[in-house]
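The values are calculated or read from the model by the stated rules, or taken from the named source; none is laboratory data. Keep in mind the model is a prediction, meaning the values are calculated, not measured. Here Cβ is always computed from backbone atoms with ideal geometry, including for glycine, and neighbour counts include all displayed protein chains.
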Amino acid sequence: MKLQRAEAMNQWIHTLADVVGKLLVDVFHYLALFAIGGAIAWSAAIAFFAMAEKGHTSIDDILLLFIYLELGAMVGVYFKTNHMPVRFLIYVAITALTRLLIADVQAHHSPDLGIVLVSGAILLLALAALVVRYGSFKFPSDNVEKRR
């Protein structure tokens with residue numbers, strides 16, 4: 001009798017710890033997502049108002065806004081699906097390298113090896129995005145509806 005009661009209490013403690021642990025992880029998860037999303041929105045707003053204060057924008061500024069847009073979309077997709085969209089990270093890297101390439105060309109006005117290296121890195125990232133896209137199409141992960 002006492003053994004069954006001890007086992008029941010042990011099971012209850014494990015269940016309680018499991019529920020509280022999942023709750024704390026979910027709370028941290030959502031707080032972190034909102035904090036990251038807020039930081040992205042704040043940074044984008046500051047960049048936008050700095051452009052408005054200048055009175056003009058450059059292609060560099062527009063690409064920076066696209067980086068913020070892609071980061072915000074990545075947070076939104078992660079919030080909805082609990083999956084990190086790797087393709088968005090690749091798109092952010094491509095946009096950042098494109099921004100670097102444009103700034104380098106505008107500053108130096110001369111072709112050099114750096115331009116070729118950055119262009120090659122952009123090409124490799126584009127191929128990586130293609131491979132990830134093809135892989136997710138050809139070998140999809142388990143269905144989101146099935147998990148729910």
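What single numbered condition from (1) at pLDDT 95 or above; (2) in contact with a helix residue (DSSP H, G or I) (Cβ under 6 Å, 6 or more places away or on another chain); (3) not small (G, A, S) fails to hold for I102?
Evaluating I102 over (1) at pLDDT 95 or above; (2) in contact with a helix residue (DSSP H, G or I) (Cβ under 6 Å, 6 or more places away or on another chain); (3) not small (G, A, S) leaves (1) as the failure.
Consider V144 carefully, then state whether it is of a type outside the set (G, A, S), surrounded by 11 or more Cβ atoms within 10 Å (Cβ to Cβ) and modelled with pLDDT of 90 or more.
No, not satisfied.
Are there any helices (runs of 4 or more DSSP H) wholly within region 50-148 with 2 or more residues that are closer than 25 Å to I40 by Cα, and if so which? It would help to see each step written out before you state the result.
On the way: elements: 59-81, 86-108, 113-138, 144-147.
Here the list reads 59-81, 86-108, 113-138.
May I ask you to say which residue of A39, A44 is buried (at least 17 other Cβ atoms within 10 Å of the Cβ), out of contact with any Lys or Arg (no Cβ under 8 Å at 6 or more places or on another chain), more than 26 Å from Y134 (Cβ to Cβ) and small (G, A, S)?
On the way: A39 fails: buried (at least 17 other Cβ atoms within 10 Å of the Cβ).
Exactly one residue qualifies, and that residue is A44.
Output the residue which, of all residues in region 107-134 that are under 22 Å from I59 (Cβ atoms), surrounded by 12 or more Cβ atoms within 10 Å (Cβ to Cβ) and not hydrophobic (A, V, I, L, M, F, W, C), is nearest to the chain's Cα centre (by Cα).
S119
Output the residues belonging to region 70-80 that are in contact (Cβ under 8 Å) with a residue 24 or more places away in the chain and of a type in the set (A, V, I, L, M, F, W, C).
Passing the criteria: L71, V75, F79.
Quick one: in region 79-106, which of the residues that are among the aliphatic types (A, V, I, L, M) and more than 17 Å from the chain's Cα centre (by Cα) is farthest from H29 (Cα to Cα)?
V105
Taking the residues in region 29-64 that are in contact (Cβ under 8 Å) with a residue 40 or more places away in the chain and closer than 17 Å to R99 by Cα as candidates, determine which candidate is nearest to the chain's Cα centre (by Cα).
D60
Within the set of pairs 6 or more residues apart or between chains, which connect a residue that is at positive phi and of a type outside the set (D, E, K, R) inside region 125-141 to a residue that is modelled with pLDDT of 95 or more and part of a helix (DSSP H, G or I) with Cβ atoms less than 9 Å apart?
none
Which is surrounded by 14 or more Cβ atoms within 10 Å (Cβ to Cβ), under 23 Å from I36 (Cβ atoms), touching a Ser or Thr at 6+ places or on another chain (Cβ under 9 Å) and of a type in the set (K, R), of R87, R99?
R87
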